[in-house]
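So the structure is just underneath, and the comments pick up after that.
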């Protein structure tokens, strides 16, 4: 669980940087907790933790009344591992995504598939992961464990989100499983306001991860 930090009033502008394999995020205004104010009609304001150049998530997001948004349904992993029995968590992984990596957990492997599905879903709506402003992740504990695998989920999340340093604009290497960190699957500086929580079960037998997102359309 992350802890909210008390922040000094400040406003920053985050300018999109073109990177190989990266999506352009457009310009958003970054605000703090103490100096929060209502955004303009077409403005998206993102509140980030103070003093961090590579935070995982935003503390909150404010949308102007004229900002067009897209809400996805909850998306789970696709059954892409035919060598695993039907209905097992292993069935809902893609071995190609984790090829060469060691120590990848089953939740992490499923989350990689889910986040790729989110990317595909957004692209069908004319959006990209760079446009995501909020995210809800529902996790079920893997068989034989007592709690959900938040660490595995967070590693997978960094493969698609919050992996560009906001100060240097450089891509930050990300670990997969216990393998050494390397370039993420998708370079993306978006940091949505996010919640991750454990649930008793998910709608498809074998699912351990389900994610829904809200994304904003850029100004026209």
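Which parts of the range 175-205 would a label at residue 83 reach, counting a residue when its backbone N lies under 17 Å from a point 7 Å out along Cα-to-Cβ? Label zone hits: none.
Here the contact order of the range 116-193, divided by its residue count and restricted to Cα pairs under 8 Å and six or more residues apart, works out to 32 percent. Based on DSSP, what percent of beta bridges with both residues in the range 68-216 are antiparallel, to the nearest 5? If I count the DSSP bridges inside the range 68-216, around 70 percent turn out antiparallel. Given a cut-off of under 8 Å on Cα pairs at least six residues apart, what relative contact order in percent is computed for the range 68-216? It comes to 37 percent, rounded to a whole number.
Sort the range 68-216 into rounded, prolate or oblate with this rule: let a ≥ b ≥ c be the square roots of the eigenvalues of the Cα gyration tensor; rounded if a/c is under 1.5, and if a/c is not under 1.5, prolate when a/b is larger than b/c, oblate otherwise. Oblate, because a/c is 1.5 or more while a/b does not exceed b/c.
Values quoted throughout were computed directly from the atomic coordinates according to the rules given, and no laboratory measurement underlies them. All figures in this text were calculated on a predicted structure; none of them were measured in a lab. FYI the Cβ positions are ideal-geometry reconstructions off the backbone, even for glycines, and counts take in every protein chain you see.
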